[in-house]
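> My structure is below; once you've seen it, I'll send some questions.
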Amino acid sequence: MKNVKGMIKDILTKENLSKEDIVFLLNSTGEDSIALFKKSAEIREKYVGNKVYLRGLIEFSNICSKNCLYCGIRKDNKKVKRYNISDEEIIDAARFAYENNYGSLVLQSGELQGNAFTKRVETLLKKIKKISDNKLGITLSCGEQTEEVFQKWFEAGAHRYLLRIEASNKELYKKLHPDNGLHNWDERYESLNILKKTGYQTGTGVMIGLPFQTVEHLAEDLLFMQESDIDMFGMGPYIEHEETPLYQYKEKLLSLEKRFELTMKMIAVLRLMMKDVNIAATTALQAIDKKGREKIIKLGANVLMPNITPGKYRDDYALYQNKPITDEKAEDYKNFIEAGIKTAGCTIGYGEWGDSLHFLNRKKLDNV
Ligand code: 5AD
Ligand code: SF4
């Protein structure tokens, strides 16, 4: 039997990782983890380079029809002050992103269906394209929709869509969501397939450190991501929120530091498994460690989403506790991220869309 040092070396040179290999890497500590992070950073450099792409995040409404058991803005949380940012304010934020060379935007909201919402998003997309001379890339993150709606928004100018599967294991998914038609794993998965078929660069992800979640579940999540041939990923630590049903399991959770470490390892392993995808350093990381996103960039993430939601709404988009409320539009913040990205050995791809190479490669194959 090989000693542990030998094992990590072997695993890190493998072309295909088995579930056991992934579990080994996720359980790694000390020098083994350092070797993992070094390898994932090398792969990032080799396959996607050292540029980090910015997407200005606008959380334009916290009104949601769903009741995910982990989320602070779930429909039944009556303590949330609900908001809907005016079109004018959204366009102002978009203009900020354009003028500051961010390259792209993410429009995110709670999940709503219906004509009024569909039309509103469609109009916003067209306006943003117009004020930016078609130059700003737009990612949507507005939940599950019908094929027609996805198509309409695509035609109006959205070209990327984020829809986290949250947990790839159906049993675990059931424990995190109410048991009703509105929260159905198969339908969510089907939405991801429709998004890909419609032509979107498609993004998904999971939360890390959830109650009932094991390292085996996380290994399955990574294999799921690889099999589903997705272009972009956003994964972050689960952070409890007092006004949610899952809060009762608070005592059973890993410490925040451990959840952060596990997220680092998940992102590193994902980079080994999917070399050409875009991986975001998510905001939830920042809630645990001020330098969180920087650390994740260093080991393999290549997308950062500075929050440019107008300041007065910021506190009310509280998916989890301790969400950072820094005004990421401010000049000193710009210096702060630039310095952080530089420390991580990377540069910012100002004014670039920074499309997922995986998507571009996938399209090439489709056309063969
Ligand atoms: N902790 C961390 N992430 C959360 N999200 C929702 N609630 C929480 C929480 N308590 C994530 C989900 C969702 C994304 C918008 O925010 O993964 O898809
Ligand atoms: Fe709504 Fe998304 Fe929160 Fe679920 S995770 S309650 S869909 S905002």
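> Give the residues of the range 332-354 that are at pLDDT below 90 and within 20 Å of Phe96 (Cα to Cα), sorted by residue number.
Across the range 332-354, the qualifying residues are Asp332, Tyr333, Lys334, Asn335, Phe336, Ile337, Glu338.
> Let me ask something additional. Looking at (1) touching a Ser or Thr at 6+ places or on another chain (Cβ under 9 Å); (2) farther than 21 Å from Leu163 by Cβ; (3) within 13 Å of ligand 2 (Cβ to nearest atom); (4) open to solvent by 20 Å² or more (accessible area, probe 1.4 Å), find the lone condition where Asn50 falls short.
(3)
> How many residues are of a type outside the set (A, V, I, L, M) and open to solvent by less than 20 Å² (accessible area, probe 1.4 Å) if we restrict to the range 199-219?
To start, the set of residues in the range 199-219 that are of a type outside the set (A, V, I, L, M) comprises 199-205, 209, 211-214, 216-217.
Retained after the next criterion (residues that are open to solvent by less than 20 Å² (accessible area, probe 1.4 Å)): 199-205, 209, 211.
Of the residues in the range 199-219, 9 are of a type outside the set (A, V, I, L, M) and open to solvent by less than 20 Å² (accessible area, probe 1.4 Å).
> So Ala339 passes all but one of these: (1) in a helix (DSSP H, G or I); (2) open to solvent by less than 30 Å² (accessible area, probe 1.4 Å). Which condition number does it fail?
With respect to (1) in a helix (DSSP H, G or I); (2) open to solvent by less than 30 Å² (accessible area, probe 1.4 Å), Ala339 is out only on (2).
> If you take the residues of the range 314-331 that are away from ligand 1 (no atom under 14 Å from the Cβ) and open to solvent by less than 30 Å² (accessible area, probe 1.4 Å), which of them is modelled with the highest pLDDT?
Here the answer is Arg314.
> Sticking with this one: Kindly list the number of the only condition in (1) free of Cβ contacts under 8 Å to residues at least 40 places away in the same chain; (2) open to solvent by less than 30 Å² (accessible area, probe 1.4 Å); (3) within 13 Å of ligand 2 (Cβ to nearest atom) that fails for Ile239.
Exception for Ile239: condition (1).
> Give me the pairs: first residue in the range 147-172 and within 18 Å of Cys68 (Cβ to Cβ), second residue open to solvent by 10 Å² or more (accessible area, probe 1.4 Å) and among the aromatic types (Phe, Trp, Tyr), beta-carbon distance under 7 Å, and six or more apart or on different chains, which are they?
Note: pairs meeting the criteria are Ile165/Tyr189; Ser168/Phe224; Lys170/Trp185; Leu172/Phe212.
> Please identify the pairs in which a residue from the range 65-87 that is more than 10 Å from ligand 2 (Cβ to nearest atom) has its Cβ atom under 6 Å from the Cβ atom of a residue that is part of a loop (DSSP other than H, G, I, E, B) and of a type outside the set (S, T, N, Q), counting only partners at least 6 apart or on another chain.
Lys79/Glu243; Val80/Ile73; Arg82/Ile63
> Let me ask another. Among the residues of the range 115-137, is there at least one that is more than 16 Å from ligand 1 (Cβ to nearest atom), of a type in the set (S, T, N, Q), within 20 Å of Cys68 (Cα to Cα) and open to solvent by 10 Å² or more (accessible area, probe 1.4 Å)?
Within the range 115-137 (the criterion being more than 16 Å from ligand 1 (Cβ to nearest atom), of a type in the set (S, T, N, Q), within 20 Å of Cys68 (Cα to Cα) and open to solvent by 10 Å² or more (accessible area, probe 1.4 Å)), the answer is no, since none of the residues qualifies.
> Of everything in the range 265-288, what is within 14 Å of the chain's Cα centre (by Cα) and more than 10 Å from Gly236 (Cβ to Cβ)? Give them in sequence order.
Taking the range 265-288 and keeping what is within 14 Å of the chain's Cα centre (by Cα), we get 266-267, 270, 277-286.
Residues satisfying the conditions are Leu270, Val277, Asn278, Ile279.
> May I ask you to say which residue of Gly292, Gly311 is at pLDDT below 90, open to solvent by 20 Å² or more (accessible area, probe 1.4 Å) and either within 27 Å of Ser61 (Cα to Cα) or away from ligand 2 (no atom under 16 Å from the Cβ) (or both)? If you could, list the steps in order and put the result at the bottom.
Details: Gly292 fails: open to solvent by 20 Å² or more (accessible area, probe 1.4 Å).
It is Gly311.
> Looking at Asn100, Asn115, which is the one that is more than 27 Å from Thr146 (Cα to Cα), out of contact with any strand residue (DSSP E or B) (no Cβ under 7 Å at 6 or more places or on another chain) and more than 16 Å from ligand 2 (Cβ to nearest atom)? Full working, then the answer.
Working: Asn115 fails: more than 27 Å from Thr146 (Cα to Cα).
Matching residue, one of Asn100, Asn115: Asn100.
> Let me ask something additional. Asp276 passes all but one of (1) in a helix (DSSP H, G or I); (2) open to solvent by 10 Å² or more (accessible area, probe 1.4 Å); (3) under 23 Å from Cys346 (Cβ atoms); which number fails?
So Asp276 meets the others, but not (1).
> Cβ-Cβ distance below 6 Å, separation of 6 or more or different chains: which pairs start in the range 29-43 with a residue that is open to solvent by 50 Å² or more (accessible area, probe 1.4 Å) and end on one that is in a helix (DSSP H, G or I)?
Lys39/Leu12
> I'd like the full set of residues that are more than 16 Å from ligand 2 (Cβ to nearest atom) and surrounded by 23 or more Cβ atoms within 10 Å (Cβ to Cβ), limited to the range 151-175.
Scanning the range 151-175 gives Trp153, Ala158, Arg160.
The values are calculated or read from the model by the stated rules, or taken from the named source; none is laboratory data. Keep in mind the model is a prediction, meaning the values are calculated, not measured. So basically every Cβ, Gly included, is an ideal-geometry build from the backbone, and we count neighbours across all protein chains shown. Protein only, heavy atoms only, side chains kept; ligands, DNA and RNA dropped before computing areas. Shrake-Rupley method; radii C 1.70, N 1.55, O 1.52, S 1.80 Å.
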